[in-house]
Amino acid sequence: MRNRKTTGGEKLRHTPFAMTKAVVSDMFPVDMEPRIPTMDKPLIIESACPGFQVGGARFPAVPISIKDQIKAQVDSLKAGAVIAHVHPRDPKTGEAKMDHRLLAEVLDGIFSDFGDCIVFTQSWYPVLNADIDCITGTEELLQLGGGNKYVQGSLLVPIGFQARAQSSHVSARATIEGIEWFEAHGVKPVYQLFDTYSHLAFKRYVFDRGIDRSKPHIMNLQLGKHDATTINHDPWSYLQLITSVSMIRENVPGSVIGIYPGGRNWLPMAVMGILLGADIVRVGIEDCYWMYPHKDEIIKKNSDVVKMTADIARMLGRRVVTDAGEARKILGIKLTSKLPSRKQGREKGVAEEARSKSFA
């Protein structure tokens with residue numbers, strides 16, 4: 001090692017020294033930094049299962065029998081979800097079916113085996129070559145449930161959306177009629193946002209006109225799935241989500257924000273939602289297939305993705321809400337049905353299971 005010398009030619013000497021408390025305190029005042037409140041709020045997890053995807057050999061995680069549909073959601077609620085979202089499967093054909101009586105059968109089994117939970121339902125019906133009908137299906141579910149247990153929140157797709165299954169249009173008029181009817185019958189509107197404009201359309205046609213007086217407004221960002229915001233490339237997916245969440249907070253202040261990711265990139269988007277302080281994160285096999293964005297590993301069970309989301313949230317310091325009553329207070333929902341006791345529910349569930357075996 002070369003000897004270093006002073007300008008006078010003398011050998012330079014280094015004397016060991018200690019970092020004094022005063023110096024360290026000045027350099028590292030980390031203990032004086034204020035808290036960052038972004039994640040200082042409870043998190044609600046929603047489980048979406050079984051959904052519409054083709055099951056069987058392609059996706060064995062998709063439950064088909066009534067018993068398996070019930071179990072998939074019960075396991076997911078036990079894993080940390082508090083909202084169940086169900087598109088039921090016809091146990092005879094395995095196909096997703098818009099049948100509210102079938103939905104009620106599956107949900108009754110969930111209430112029987114698990115107990116109280118929140119249910120978000122797509123209760124509107126498409127009408128061929130006409131506006132959607134938000135009222136008829138919702139009214140049917142209210143009658144079946146003796147109140148709103150089957151449709152505590154009704155999912156509203158964006159104004160201007162064109163339903164695919166039947167060529168049906170989502171007009172402002174049909175949306176407003178539905179919201180006004182929901183308000184009169186104890187059903188919470190749940191707004192689905194498929195692009196960056198959807199929330200502004202709801203704001204202009206609904207909120208600014210004082211049509212939906214229920215607070216808070218539930219605004220759910222759909223990402224990476226059919227008709228929704230694209231998130232299939234990084235880092236633009238992260239910037240997209242940050243921008244979308246920030247826009248909603250500016251344009252609809254005080255709203256509850258949900259992150260509903262699907263596709264390859266669902267897991268990073270769910271984590272990003274947790275980090276951004278989203279109030280709801282929805283996961284499940286309705287819109288997710290691969291476990292990780294960088295691996296061809298198929299999701300084995302719906303409850304696996306729910307548990308992973310709950311575990312990550314807790315590791316990041318978010319408290320996961322598992323009590324349905326607390327979640328309803330956060331979301332501004334009031335349960336108007338009387339749920340059966342667990343014992344009554346189990347007895348009913350046994351009968352339903354016996355019936356479902358004939359379909360398997």
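Computed from the coordinates by the stated procedures, all read-outs in this text should not be read as laboratory data. Given the structure is predicted, the values throughout are model-derived calculations rather than measurements. Every residue, glycine among them, receives a Cβ derived from its backbone with ideal geometry; neighbour counts consider all protein chains shown.
Key figures
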{"item": "Interchain or long-range residues, amide H under 5 Å from R282's placed H", "result": "E46, I259, Y260"}
{"item": "GluC sites (Glu not before Pro) lying in DSSP loop within region 233-339, provided at most 14 other Cβ fall within 10 Å", "result": "E297"}
{"item": "Rounded to 5, the percent of DSSP beta bridges in region 123-252 classed as antiparallel", "result": "20 percent"}
{"item": "Amide H partners (placed H, <5 Å) of A130, local residues excluded", "result": "H169"}
{"item": "Which of M32, M308 has the fewest Cβ neighbours within 10 Å, and the rest in rising order", "result": "M32, M308"}
{"item": "Tensor-based shape of region 160-258 (alpha-carbon gyration tensor, a/c under 1.5 rounded, otherwise prolate or oblate)", "result": "oblate"}
{"item": "Relative contact order (percent, whole number), the chain, Cα cutoff 8 Å, 6+ residue spacing", "result": "23 percent"}
{"item": "Choice from I36, I298, I118 with maximal GNM fluctuation in the chain (Cα, 10 Å cutoff)", "result": "I36"}
{"item": "Sum of side-chain charges, I257 neighbourhood, beta-carbon under 10 Å (Lys, Arg +1; Asp, Glu -1)", "result": "0"}
{"item": "For region 126-238: lysine pairs under 21 Å (alpha-carbon distance), excluding those fewer than 8 apart on one chain", "result": "5"}
{"item": "Helix-only mean residue ellipticity at 222 nm for the chain, each DSSP H run of n ≥ 4 adding -39500 (n - 2.57), per residue, nearest 500", "result": "-10500 deg cm²/dmol"}
{"item": "Sequence of W124, W290, W266, W236 once ranked by neighbouring C-beta atoms within 10 Å, starting from the fewest", "result": "W236, W290, W124, W266"}
{"item": "Under 12 Å, Cβ to Cβ, from Q53 - net charge with Lys/Arg +1 and Asp/Glu -1", "result": "0"}
{"item": "Restricting region 174-251 to trypsin sites (Lys or Arg not before Pro) in coil, as DSSP defines it, with at most 14 other Cβ within 10 Å", "result": "R209, R213"}
{"item": "Under the Karplus curve 6.51 cos²θ - 1.76 cosθ + 1.60, θ = phi - 60°, whole-Hz ³J(HN,Hα) for region 114-126, x wherever Gly or Pro sits", "result": "10, x, 6, 7, 8, 10, 9, 10, 7, 9, 7, 10, x"}
{"item": "Charge dipole of the chain about the Cα centre (unit charges at C-beta), most positive-ward option of G146, S167, N232", "result": "N232"}
{"item": "Amide proton proximity set for L156, modelled H, under 5 Å, gap of 5+", "result": "V190, Y191, Q192"}
{"item": "Qualifying GluC sites (Glu not before Pro) for region 76-168 [loop in DSSP, other Cβ within 10 Å: at most 12]", "result": "E95"}
{"item": "Rounded to the nearest 20 debye, dipole of the chain from Cβ charges on Lys, Arg, Asp, Glu", "result": "1280 debye"}
